[in-house]
Amino acid sequence: MTDFLLELRSEEIPARMQAGARENLAKLFTAELAKAGLSAGEIVTYAGPRRLALIARGLPAATEAVSEEVKGPRASAPPQALEGFLRKTGLTREQLTERDGVLFAITKKPGRATAEVLAEAIPAIVRAFPWPKSMRWGAESASTESMRWVRPLHAIVALFGGEVVPFDIAGITSGNTTRGHRFHAPAEIVLTGADAYVEQLRAAKVLVDQDERAAIIRARASALAAEAGLELVEDEGLVAENAGLTEWPVPLLGRFDEAYLDVPPEVIQLTARVNQKYFVCRSADGKLANAFVCTANIEATDGGAKIVEGNGKVLAARLSDARFFYETDLKTKLDDLRPKLEKIVFHEKLGTVADKVERVAKLARWLVEEGIVTESPSRRREGLGEGSATGDVAGGEVPPPSPPVNGGGELADLAERAAYLAKADLVTGMVGEFPELQGLMGGYYAAAQGEDPRVAEAVRDHYKPVGQGDDVPTAPVTVAVALADKLDTLVSFFGIDERPTGSKDPFALRRAALGLIGLILDNSLRCSDYDLFYQAVGNSEIGIGTVVAGGYFHDFIIDRLKVQQRSNGVRHDVIDAVVLPGSESEFGGERDLVRLLARVRALQAFVTTDDGTNLLAGYKRAANILKKEGVEGDQSWTAPTYTLEPAEADLIAALDAAEPKAAQAVKAEDFEAAMAALASLRAPIDRFFDDVTVNDADPAKRTARLALLARVRAAVHTVADFSRIEG
Amino acid sequence: MILTLHDYWSERGCVILQPYDMEMGAGTFHPATTLRALGPESWNAAFVQPCRRPTDGRYGENPNRLQHYYQYQVILKPSPADLQDLYLGSLAAIGVDMTKHDIRFVEDDWESPTLGAWGLGWEVWCDGMEVTQFTYFQQMGGYDMKPVAGELTYGLERLAMYIQDVDNVYDLRFNDAGVSYGDVFLENEKQMSTWNFEVADTDTLFDAFKKAAAECERCLEAKLPIPAYEQAIKASHTFNLLQARGVISVAERQAYMGRVRDLAKGACGAWMDKNGWAA
């Protein structure tokens, strides 16, 4: 067994593309080997700014010989058949083998040297390599067909064992030489093979293993902070990015003027991270310190003094700009930015951002006045951060719907005010410079102009939750604004027929729906999505195809709910059984997401019990009979006048007892009790099917028994549409 | 510094040109870059180009943002295999010690929507400061580069600040006799910022834009790509001034940029035709 080393050395590969490149290299290599019937014992890939490498261990020296057998006609077949077969295989009659009266064409393919396979595979991989963006370069690029790579490709090392695998791609001949660090070891190095690769390059001041570079950055940056009596603000994204920008990472700690600490810490951190790729540090009191850690790519002869000084200056200039924006922004009240919002088009058919603000403010007030968002929303989650949102509405129990509050008082005023200010920071200098600070800066500016802290918090957090896993706001004012914002976005875009399709969701409507669901479930907001939709529609002055959009809105929310709940193990068919298409009344279709989830959980727990499985089977049998007989919907029930069979009488008695219990339990939102009521039907239904013939010769009995089955079906439907449940 | 760069690139086969005598936002607009980048012929040139970016004006109050500054531009076609080394050699020539300073090539893809041009490359960092834009042009005026040209754009003020170790551009020493950058340019920045942002007559500018666009088209009809391109540059700068005056809405902005792009593409196309080059 032999090892193979491949190194593709180029000009600097963007850091963000390196991980994907490693993955693709391994994948393509494995696929090319597989085509030749080869596989490596182990494949290791490395990526850095100037090289992409692969080591494949345990390759055989050659592929195995294979023999292919193609069955032909019988030996006794007419000559035409034989001729056809010979033509097809390109053989002569003498070359065929006869076995049991049948002719076979047997071709033996000898094994190929692995080096030969590699010499074809590598050029194929390089030509087909899927970089996110690639380019042409040099004299070769006079043709647009010239080779493409992420940046100019300079050299390829391909060593099988210690031997060069010879090939040529667009003027680059494979070899065994590479170069070390751009500044520390620029001379050519002759590589000996896979085993020594990492160490030979280490000697040339190149750490080829990205994980090793990351570990050094992580450890050294922390140590530098600790030596300065500080704590590093960890950031794995930065670790990876710096590891992708260096071949020989040397973290260095520098300081900036304390005066800049007046700028909000998030701004400093963002400036340092995004523009300069620096880490920041906290002091012992948990506050941001005036220190940064940059990662150089050289061991400077002066120990890095000049580098730290230079980086410090650049950061100071950045912070000076940031402070300029911050101080300028503070001079204008958020209220006074409204005219600017009137100039920003939210969407050409949906008016300006100012129009949106107007709609959101109205909706936020309504959510409070309607009692949907109340002063202390009952939180059902045990704590933040465990599991995904909306996890544990305990089996069947939900808090009672909040009584409508007239007016909503202070809370409504705060919600409206917060909504009114929420988007103003979009036209501030700071958010213009750093769009990702939207909300956060608004929060700072709102607090600075003396707004109620609850308003400032709502301005800050109203974009949340952004995606699954993000914290869901719980402060009532924030909840009202966040929910109103997302609701308006969804309804408005659906109203103008903008819907996500496939992978296209340019207005992030799926995320908005997930956010809306999270806000409702996490805060146990009791409302019907129908009411939310129509309020939002009524709020907007744009013409909306309401009926169509309303149905779509409901389906969209339920669809997102299924996606969101999948990770909690909630079955989509069980959700369907509770949701049901159609109107609110039919089968008691559920449009209150909190109650819906409680019902779903109770139902899912029930259908996996023995009682549940059997009841489901009984229900399906009854439903099938009814379907066959064309009995649809609820049937009026009158007690039969003939002599009942015992099982028949039992079932009627069981229904008499269970129906009111189930109805009562559903009304009281005690879904476990509702399930228990259904469970009491299981044995009588089973016995009914065992002992009673539905299709009796006596038409009166037949009709009465079908009506009884319809009653069973209706009773089950008071809890859920069991026909939707799989299995 | 400029002389050193001239020497360095001249020794490496570049023709040394003078600045183009029109207002433009970047050295890339110089016809020696835009038009000469097209076509199969070899072309190596280096020159200083004053750049005007009306919206970057800060009334002389920002330590490194200016509405008028200088770029040193090198264009090499086809891009030589050792372009990175050549570039690093030029840094060494102007006094950057690479055993003490951290030079890094950080991804930064370049695109000029008004020139219909894009390329891949980096911003070159020296101790965290961007000192050069390094680009392999892939398209110009909407045409694929055949072959690809390499473009280096040095920010002269930044490099000078770095080499002279000053924090404010206006403190740069212009000579050894005590003349500073501020002595030469501060008043200019103040007055031009005021004009760009507050005074420039927008009706005149709108009119100028229309006239430049119309003249560009007339030149294209007359199959005169160079004058057509000059008019495209004029339209582009006029558009930048209108932007600074804040009279172009977000929606209109795209339309104006598209208009300039069409003019620039037209000029590039006419240049290709004139030279008999296929697209």
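For this structure, a couple of remarks:
- A single entry from A:Ile169, A:Ile156 fulfils the requirement of being of a type in the set (Val, Ile, Thr), surrounded by 15 or more Cβ atoms within 10 Å (Cβ to Cβ) and in contact (Cβ under 8 Å) with a residue 60 or more places away in the chain: A:Ile156.
- Any helices (runs of 4 or more DSSP H) falling wholly within the stretch B:162-279 and containing at least 3 residues that are free of Cβ contacts under 8 Å to residues at least 12 places away in the same chain and basic (Lys, Arg): B:202-221
- If only residues of the stretch B:67-94 that are open to solvent by less than 10 Å² (accessible area, probe 1.4 Å), under 16 Å from B:Thr153 (Cβ atoms) and touching a Lys or Arg at 6+ places or on another chain (Cβ under 8 Å) are counted, the one that is farthest from the other protein chains (Cβ to nearest Cβ) is B:Ile75.
- Residue check: A:Val280 meets all listed conditions (1) within 20 Å of A:Leu437 (Cα to Cα); (2) more than 12 Å from chain B (Cβ to nearest Cβ); (3) open to solvent by 10 Å² or more (accessible area, probe 1.4 Å) but one, namely (3).
- Inter-residue pairs, beta-carbon under 9 Å, first in contact (Cβ under 8 Å) with a residue 12 or more places away in the chain and in the stretch B:29-47, second acidic (Asp, Glu) and open to solvent by less than 10 Å² (accessible area, probe 1.4 Å), 6+ apart: B:Thr33/B:Glu151; B:Ala37/B:Glu151
- Cβ separations smaller than 6 Å between residues 6+ apart or across chains give no pair from the stretch A:687-710 residues that are without any contact (Cβ under 8 Å) to a residue 60 or more places away in the chain to residues that are outside any loop (DSSP other than H, G, I, E, B) and open to solvent by 80 Å² or more (accessible area, probe 1.4 Å).
- Those residues of the stretch B:132-156 which are within 12 Å of chain A (Cβ to nearest Cβ), of a type in the set (Val, Ile, Thr) and touching a Leu at 6+ places or on another chain (Cβ under 9 Å), in sequence order: B:Thr135
- With respect to the conditions (1) farther than 19 Å from A:Ile55 by Cα; (2) in contact with an Asp or Glu (Cβ under 6 Å, 6 or more places away or on another chain); (3) crowded, with 17+ Cβ neighbours inside 10 Å, A:Gly111 falls short on a single one, namely (3).
- Only residues that are farther than 24 Å from A:Arg273 by Cβ and of a type in the set (Ser, Thr, Tyr) were counted across the stretch A:436-478, and they come to 2.
- The lone exception for A:Arg282 - which of (1) touching a residue at least 24 places away in the same chain (Cβ under 8 Å); (2) within 30 Å of A:Ile156 (Cβ to Cβ); (3) in contact with a strand residue (DSSP E or B) (Cβ under 9 Å, 6 or more places away or on another chain) it fails: (2)
- Criterion violated by A:Val280 - all others in (1) under 15 Å from A:Gly254 (Cβ atoms); (2) part of a helix (DSSP H, G or I); (3) at pLDDT 90 or above satisfied: (2)
- Helices (runs of 4 or more DSSP H) contained in the stretch A:174-250 and holding at least 1 residues in contact with a helix residue (DSSP H, G or I) (Cβ under 7 Å, 6 or more places away or on another chain) and of a type in the set (Val, Ile, Thr): A:210-227, A:236-245
- The set of residues in the stretch A:149-173 that are part of a loop (DSSP other than H, G, I, E, B) and within 10 Å of chain B (Cβ to nearest Cβ) comprises A:Val150, A:Arg151, A:Pro152, A:Gly171.
- In the set (1) assigned by TED's automatic domain parsing to the domain that holds A:Asp355; (2) open to solvent by 60 Å² or more (accessible area, probe 1.4 Å); (3) modelled with pLDDT under 90, the condition left unmet by A:Ala536 is number (2).
- Selection within the stretch A:39-81 - among the charged types (D, E, K, R) and open to solvent by 50 Å² or more (accessible area, probe 1.4 Å): A:Glu42, A:Arg57, A:Glu64, A:Glu68, A:Glu69, A:Lys71, A:Arg74
- Filtered by the rule that a residue be of a type in the set (Val, Ile, Thr) and within 13 Å of chain B (Cβ to nearest Cβ), the stretch A:323-334 gives a lone residue, A:Thr328.
- If only residues of the stretch A:589-606 that are in contact with a Phe, Trp or Tyr (Cβ under 8 Å, 6 or more places away or on another chain) and small (Gly, Ala, Ser) are counted, the one that is farthest from A:Leu532 (Cα to Cα) is A:Ala602.
- Single residue of the stretch A:609-646 satisfying the filter (surrounded by 14 or more Cβ atoms within 10 Å (Cβ to Cβ) and among the polar types (S, T, N, Q)) that is farthest from A:Val578 (Cα to Cα): A:Gln635
- Scanning the stretch A:306-322 for residues that are more than 9 Å from every other protein chain (Cβ to nearest Cβ) and surrounded by fewer than 19 Cβ atoms within 10 Å (Cβ to Cβ) turns up nothing.
- Hits in the stretch A:345-365 - residues which are within 12 Å of another protein chain (Cβ to nearest Cβ) and out of contact with any Leu (no Cβ under 7 Å at 6 or more places or on another chain): A:Val345, A:Phe346, A:His347, A:Glu348
- From B:Asp201, B:Asp167, residue being over 30 Å from A:Thr246 (Cα atoms) and out of contact with any Phe, Trp or Tyr (no Cβ under 6 Å at 6 or more places or on another chain): B:Asp201
- Hits in the stretch A:300-332 (condition: among the charged types (D, E, K, R) and either part of a helix (DSSP H, G or I) or at pLDDT 95 or above (or both)): A:Lys306, A:Glu309, A:Lys313, A:Arg318, A:Asp321, A:Arg323, A:Glu327, A:Asp329
- Summed over the stretch A:211-251, residues that are surrounded by 15 or more Cβ atoms within 10 Å (Cβ to Cβ), of a type outside the set (Val, Ile, Thr) and under 23 Å from A:Ala47 (Cα atoms) total 19.
- Looking across the stretch A:508-530, the residues that are touching a residue at least 24 places away in the same chain (Cβ under 8 Å) and surrounded by fewer than 19 Cβ atoms within 10 Å (Cβ to Cβ) come down to A:Arg510, A:Ser528, A:Tyr530.
- One residue stands out among those in the stretch B:110-126 that are within 9 Å of chain A (Cβ to nearest Cβ) and in contact with a Lys or Arg (Cβ under 7 Å, 6 or more places away or on another chain): the one that is nearest to B:Ser42 (Cα to Cα), which is B:Leu120.
- Selection count, the stretch A:409-432, where residues are surrounded by fewer than 24 Cβ atoms within 10 Å (Cβ to Cβ) and in contact with a Ser or Thr (Cβ under 9 Å, 6 or more places away or on another chain): 2
- Residue within the stretch A:287-298 that is more than 8 Å from every other protein chain (Cβ to nearest Cβ), open to solvent by 10 Å² or more (accessible area, probe 1.4 Å), among the aromatic types (Phe, Trp, Tyr) and not in a loop (DSSP other than H, G, I, E, B) present: no
The values are calculated or read from the model by the stated rules, or taken from the named source; none is laboratory data. Being a predicted model, the structure only gives us computed values, none of them experimental. Note: ideal-geometry Cβ built from the backbone for every residue, glycine included; neighbour counts use all protein chains shown. The accessibility values were calculated without ligands, DNA or RNA, using every heavy atom of the protein model including side chains. Shrake-Rupley method; radii C 1.70, N 1.55, O 1.52, S 1.80 Å.
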